[in-house]
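Have a look at the structure below, then the notes.
The values are calculated or read from the model by the stated rules, or taken from the named source; none is laboratory data. As the structure is a prediction and not an experimental result, all values here were calculated from the model. Positions of Cβ are generated from backbone atoms using ideal geometry, with glycine treated the same way; all protein chains shown enter the neighbour counts.
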Amino acid sequence: MKEFFTLLKYGVSSFQPQRLTSKNKKYSFLKNQLILSLISSLPLGILVFFFSKDLFTKLYSIDPQITKLMLLFWMTILSLFFIIGFVGMAMYSLSRNDEIELLLTMPIKRRTLTAYQLFVSTISQMFVLSFYFFIYLSYTFVTKENIILGLFKVFVHFGFLISLSSVVAILLGGKANKGIVRKINVFLSLAAIFFYFSIISFQNINVEQFQGLANILNFSSKPYNFLAWSFISAKTLIFSTVSLIFLLVLFSILSNKLAFEPVERRVKKEYKIKGSGSQIKAIYRKDFIATRRYEQFLYFILYPIGFGVFFSLINENSLLTIFTIIPITTFYVAFETAILVTAEVSNLETTLTYPIKFSNLMFPKIVIPTTINFLIMLVVILVSIFRAEIIPILFLTIPITFILFIMSSIIGAYFVLKNPPKTENMSKIFGVGQTFAIEGITMGTAFGAIFPLIFLSKPDANIKVKIISTLISITAILLSLTISTITFKKLKKLLIP
Amino acid sequence: MIKASNLTKKFKDFFAVDHIDIFVPKGQIFGFLGPNGAGKTTTIRMLTGTLKPTEGDIEILGLDLKKNEIEIKRRIGVVPEEPRLYSHLKGFEYLEFVMDIYNTNNKATRDRIDELCNAFGVDYLEKLISDMSHGMKQKLMLISVLMRKPEVIFLDEPTVGLDAKSAKILKELLKKYSESGTTIFLTTHILEIAEKMCDVIAIINRGKIIAQGTMEELKKLTGSKDKSLEDLFLELTAQEEDIKHIVESL
């Protein structure tokens with residue numbers, strides 16, 4: 001046990017290396033990961049508690065059976081999220097990596113090493129655990145179930161999920177591809193975010209609509225649904241308790257024999273070196289590959305799309321959906337550019353030896369994120385225009401979006417080049433101050449330019465409102481053009497000293 | 001041909017490189033030695049156009065570096081100390097990128113890639129660079145430079161991370177290239193390599209070149225015919241006494 005706590009105190013997660021600054025070195029693993037995960041997941045969990053409590057109260061007044069079905073469905077989904085995320089992460093951390101390599105040279109039991117790696121994986125799933133804990137807690141409150149029994153079920157399920165996922169991870173261990181694991185985590189983070197939004201959105205839905213859902217959700221109450229065993233019935237609770245004991249024994253046996261083998265990769269040996277035959281094409285091709293392979297880039301692209309799809313499903317007002325997505329996307333364009341710039345400048349020593357102007361290498365970093373996001377927004381705007389009634393003012397959002405995205409991209413490039421990172425850690429490109437500055441500039445100008453259009457689109461708005469809205473929008477557009485010009489000049493100075 | 005005169009790099013009040021002159025004729029292997037922090041990498045970075053000198057002039061292949069930076073970069077090859085490569089690319093994608101950037105996308109280059117891969121035992125070009133070890137990346141970097149047959153090659157600690165066989169192949173290749181007219185400028189901490197390979201050796205310490213010449217000339221300079229390069233180096237950089245003192249105190 002002492003070894004385990006020592007590892008927690010001094011160990012560093014090899015999965016997401018920190019940027020090595022003297023400031024970061026002061027923080028131990030516990031402070032960095034555990035406390036951070038708790039701080040960020042607890043408030044959301046508490047919010048989920050209140051939202052789900054409201055929903056359960058409404059449902060319970062109509063039909064207690066539907067309330068339970070809804071709970072079991074949520075538990076099933078969350079358990080699935082947990083298992084996929086945990087297994088992926090644990091499979092990677094149980095394979096041989098730099099940290100394991102070092103720890104294996106120390107007099108530490110393999111069981112302790114395994115438990116430590118699995119603890120790291122558990123922390124990575126803190127959001128899911130927090131959601132499922134608070135959802136069940138709210139259910140216990142509404143149904144007046146014995147709180148001790150409720151907590152017992154929660155902890156049995158928690159233990160069951162961890163031990164099941166751990167055993168699966170050990171059995172599959174060493175077969176994980178880091179890139180795929182990271183991409184799975186991106187999708188799960190997005191899924192968790194939209195799960196959170198869906199809980200909130202259920203507040204506005206007429207509870208009688210849930211009657212129709214009963215048949216669909218019915219599968220989650222069947223005894224074969226092991227993902228909710230602890231909550232279905234007393235009999236299935238016994239299943240999960242017995243399984244938990246069995247899995248713990250199995251884990252204990254397997255973990256002590258764990259070899260921590262290197263990650264197994266299927267490497268195709270067939271490739272043909274062709275090239276593109278052009279400097280410019282080669283640079284664009286390299287950066288396009290980066291957009292596919294950095295999972296953070298995927299996240300920044302997928303989040304606004306998911307947000308848009310989600311809001312259009314639950315919100316009939318497509319105008320509001322577009323006006324919400326544009327500022328979020330504007331903010332994220334800066335981060336997408338920053339990812340591409342970081343990939344370039346973290347290899348600066350080599351990059352500078354190429355017979356090409358540095359500015360030519362940097363130009364695609366602005367063009368690619370701006371174009372990708374602009375094309376996505378164009379589709380969203382055009383679909384919204386033709387899906388709902390055609391509002392001419394919506395066409396105005398097209399050039400405005402373009403201006404905003406270019407501004408954001410220039411800002412992202414400038415902030416990275418002003419303080420180039422020494423290592424390539426895409427999770428920590430910007431510090432807190434820089435993030436707030438980018439958020440303030442991008443979202444501020446985007447809201448300023450876009451939101452007044454809502455008032456302009458209303459036929460019944462009076463002339464005074466229309467004039468003020470027009471002035472605000474024009475000012476914000478001019479401001480973003482000015483910011484773009486000034487920042488671009490500063491950027492040019494950094495590129496061509 | 002490499003020519004640098006009065007080359008200086010100053011960081012605030014600190015002279016990393018202090019008014020040095022270098023001349024390396026065509027086809028020569030020039031060894032640049034010095035203790036850690038002596039100014040070797042700074043010099044290479046200035047000579048390859050990745051760091052602007054505070055003072056001084058540089059000519060590579062008879063061209064002024066200030067006026068012909070891109071043209072010079074196209075004709076030289078640089079192997080930095082740390083093989084920093086785009087981690088999101090696969091090995092073969094990186095080689096394709098380099099071929100395109102240097103406009104050397106032709107059959108001869110592709111054939112040379114195959115030959116070099118065989119020579120260095122590189123069978124992992126499908127791997128992501130982020131998954132490669134230091135040695136694997138170093139070999140990839142060497143292939144990306146040697147496949148182009150540059151007229152001047154700068155190598156900063158090129159054997160670090162290489163296995164014995166690859167290091168030997170590299171040494172033999174460099175000798176072969178120099179015989180066919182390629183100019184080679186290399187830094188190394190392995191003095192045996194410098195002693196066996198280099199036609200001329202320069203020793204830099206605290207930003208200044210303190211000795212320069214062939215092995216014989218260096219021996220004459222210190223007045224001792226039987227000493228190895230290691231002894232000469234330690235004597236010239238005044239580290240021999242330090243070492244004795246440190247070992248005795250341990």
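Return the total of residues in the stretch B:40-80 being assigned to a loop (DSSP other than H, G, I, E, B), within 11 Å of chain A (Cβ to nearest Cβ) and in contact (Cβ under 8 Å) with a residue 60 or more places away in the chain. Residues in the stretch B:40-80 being assigned to a loop (DSSP other than H, G, I, E, B), within 11 Å of chain A (Cβ to nearest Cβ) and in contact (Cβ under 8 Å) with a residue 60 or more places away in the chain: 2 in total.
Only a single item in (1) at the interface with another protein chain (Cβ under 9 Å from one of its Cβ atoms); (2) modelled with pLDDT under 85; (3) surrounded by 19 or more Cβ atoms within 10 Å (Cβ to Cβ) is not met by A:ALA282, and it is number (2).
For the stretch A:326-366: of the residues being surrounded by fewer than 19 Cβ atoms within 10 Å (Cβ to Cβ) and more than 14 Å from chain B (Cβ to nearest Cβ), which is nearest to B:ILE44 (Cα to Cα)? Taking the candidates together, the pick is A:PHE363.
Apart from one condition, B:ARG112 fits all of (1) away from chain A (no Cβ under 12 Å); (2) surrounded by fewer than 20 Cβ atoms within 10 Å (Cβ to Cβ); (3) under 24 Å from the mean Cα position of the chain (by Cα); the exception is (1).
Table: residues versus (1) outside any helix (DSSP H, G or I); (2) in contact with a Phe, Trp or Tyr (Cβ under 7 Å, 6 or more places away or on another chain); (3) modelled with pLDDT of 90 or more.
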{"residue": "A:ILE66", "(1), (2), (3)": "no, yes, no"}
{"residue": "A:ILE100", "(1), (2), (3)": "no, yes, no"}
{"residue": "A:THR112", "(1), (2), (3)": "no, yes, no"}
{"residue": "A:GLN117", "(1), (2), (3)": "no, no, no"}
{"residue": "A:VAL142", "(1), (2), (3)": "no, yes, yes"}
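Of the residues A:ILE108, A:ILE39, A:ILE62, the single one that is modelled with pLDDT under 85, surrounded by fewer than 18 Cβ atoms within 10 Å (Cβ to Cβ) and either closer than 30 Å to A:ILE216 by Cβ or not assigned by TED's automatic domain parsing to the domain that holds A:PHE158 (or both) is A:ILE62. Being surrounded by fewer than 18 Cβ atoms within 10 Å (Cβ to Cβ), at the interface with chain A (Cβ under 7 Å from one of its Cβ atoms) and either touching a Phe, Trp or Tyr at 6+ places or on another chain (Cβ under 9 Å) or in a helix (DSSP H, G or I) (or both) is a condition met by at least one residue of the stretch B:119-134. Test B:THR187 against the stated conditions and say whether it is touching a residue at least 60 places away in the same chain (Cβ under 8 Å) and over 18 Å from the mean Cα position of the chain (by Cα). Taking the combined requirement at face value, the residue does not satisfy it.
Do the conditions hold for A:TYR271, that is, is it at negative phi, modelled with pLDDT under 80, in contact with a helix residue (DSSP H, G or I) (Cβ under 7 Å, 6 or more places away or on another chain) and of a type outside the set (D, E, K, R)?
When the stated conditions are applied, A:TYR271 passes them.
Consider the stretch A:448-470 and keep the residues that are within 21 Å of A:PHE405 (Cα to Cα) and not aromatic (Phe, Trp, Tyr). The one that is surrounded by the most Cβ atoms within 10 Å (Cβ to Cβ) is A:ALA449. Considering the stretch B:81-93, and only residues there that are more than 7 Å from every other protein chain (Cβ to nearest Cβ) and surrounded by 22 or more Cβ atoms within 10 Å (Cβ to Cβ), the residue that is nearest to the chain's Cα centre (by Cα) turns out to be B:PRO83.
Taking the conditions (1) of a type in the set (Gly, Ala, Ser); (2) loosely packed, with under 14 Cβ neighbours inside 10 Å; (3) closer than 17 Å to A:PRO399 by Cβ in turn, A:GLY433 satisfies each one other than (3).
Please go through the stretch A:367-410 and pick out each residue that is free of Cβ contacts under 8 Å to residues at least 24 places away in the same chain and either closer than 18 Å to A:PRO452 by Cβ or buried (at least 20 other Cβ atoms within 10 Å of the Cβ) (or both). Hits for the stretch A:367-410 are A:PRO392, A:PHE395, A:ILE398, A:PRO399. Of all the numbered requirements in (1) at pLDDT 80 or above; (2) crowded, with 23+ Cβ neighbours inside 10 Å; (3) not small (Gly, Ala, Ser), A:MET126 misses one, and that requirement is (2). Considering each residue of the stretch A:209-220 in turn, none proves to be out of contact with any helix residue (DSSP H, G or I) (no Cβ under 9 Å at 6 or more places or on another chain), in a loop (DSSP other than H, G, I, E, B) and modelled with pLDDT under 90.
Within the stretch B:41-53, being crowded, with 24+ Cβ neighbours inside 10 Å and either charged (D, E, K, R) or within 12 Å of the chain's Cα centre (by Cα) (or both) holds for B:THR43, B:LEU47, B:THR48.
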